[in-house]
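See structure below.
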Amino acid sequence: MTDADAYVAERVRTALAADPRAGELGIAVTVEEGRLVLTGEVATAERRAAVEAVAREQAPGSDIDNRVSALVLGEPGDPETVG
C-alpha cells in the first residue's frame, strides 16, 4: 500500500467512526489493487449502505469493494430455563 493509499484508508476509517450515519469503529479499510476494500459486520443493511456512502464521500472517484456484512437476526426462541 502506498502512502497515498494509507492516507485515504485512514481518512475513511476516521470518517466511519465520526459520521453519525455510520458510527462504526469495527470496519477495516484497506486498499487492494487500487480499490478501497471495506470489511466487517454491521447491525443492519441500512448501516451497511451508510458505511459505503461515507466511504464514497471521503474517497470520491475511488473504486469501492464493500464486503461489509449486515447481521441477520432471527426471531427470539423460547426462553432458556436455568436450574
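Only the coordinates and a few stated rules stand behind these numbers; no lab work does. All of these numbers come straight from a predicted model, not from anything done at the bench. So basically every Cβ, Gly included, is an ideal-geometry build from the backbone, and we count neighbours across all protein chains shown.
Some points to look at:
- Using θ = phi - 60° in the Karplus curve 6.51 cos²θ - 1.76 cosθ + 1.60, the 3J(HN,Hα) couplings for segment 76-83 round to x, x, 5, x, 7, 9, 10, x Hz; x is entered for Gly and Pro.
- For the chain, the dipole from Cβ point charges (+1 on Lys and Arg, -1 on Asp and Glu) about the Cα centre works out to 220 debye, to the nearest 20.
- Estimated purely from DSSP H runs of n ≥ 4, each contributing -39500 (n - 2.57), the mean residue ellipticity at 222 nm for the chain is -12000 deg cm²/dmol once divided by its residues.
- With R₀ fixed at 41 Å, the C-beta to C-beta distance from Thr30 to Thr81 puts the FRET efficiency at about 0.35.
- Placing R0 at 30 angstrom, the Cβ-Cβ distance between Ala45 and Glu10 gives a FRET efficiency of 0.70 after rounding to 0.05.
- Amide H partners (placed H, <5 Å) of Val31, local residues excluded: Val37
- Taken about its Cα centre, segment 14-62 carries a charge dipole of about 80 debye when Lys and Arg each add +1 at the Cβ and Asp and Glu each add -1 at the Cβ.
- DSSP bridge orientation in the chain - percent antiparallel, rounded to nearest 5: 40 percent
- Amide H within-cut-off set for Glu41, under 5 Å, with H built and near neighbours excluded: Ser69
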